[in-house]
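Coordinate-derived values only; no laboratory data. Everything quoted here is computed from the prediction, not taken from an experiment. Note: ideal-geometry Cβ built from the backbone for every residue, glycine included; neighbour counts use all protein chains shown.
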Amino acid sequence: MEVRELNVEEIPGALAVDGAVFPDGAIVIGAFNGDGKIVGRTALMAIAHIEGTWVAEESRGGFVAARLVRKAEQTLAENGFTSALAFTPDENPKVGEYLNRVGYTRLPLSVWQKAVG
């Protein structure tokens with residue numbers, strides 16, 4: 001079995017097996033059997049992730065956070081991103097409630113982390 005990064009010409013075939021769509025710039029890695037047939041695929045992609053928004057206590061309850069997030073979204077759009085993620089701790093539901101009010105939708109997933117390298 002060979003596992004390697006796919007070149008640009010190989011990516012459409014690797015995506016066709018299940019109709020997946022990855023953003024431009026994704027690095028696609030394929031697993032090939034002894035006959036050269038793709039038998040597995042994964043991808044690495046940059047995600048737009050809004051993180052670390054903070055507002056001083058005396059400035060909360062106004063529009064500071066909304067303006068910060070709106071500017072972050074505008075900057076992402078100007079740089080070719082079409083969506084953004086915002087991670088929140090489950091134990092602080094107020095952050096999630098705020099994100100919902102400004103248009104974010106909770107996704108049915110968990111984020112997992114592992115150190116690499």
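Applying both filters, DSSP loop and at most 16 other Cβ atoms within 10 Å, to the trypsin sites (Lys or Arg not before Pro) of the stretch 1-58 gives K37. Put a dot 7 Å past the Cα of T53, heading toward its Cβ, do the same for E78, and the two dots end up 1.8 nm apart. The alpha carbons of the chain stretch over 65, 31, 28 Å along the principal axes, in descending order.
Restricting the trypsin sites (Lys or Arg not before Pro) of the stretch 72-117 to loop positions (DSSP other than H, G, I, E, B) with no more than 14 neighbouring Cβ atoms within 10 Å leaves R106, K114. Once the GluC sites (Glu not before Pro) in DSSP loops with at most 10 neighbouring Cβ atoms within 10 Å are cut out of the chain, the longest remaining piece is 10-50.
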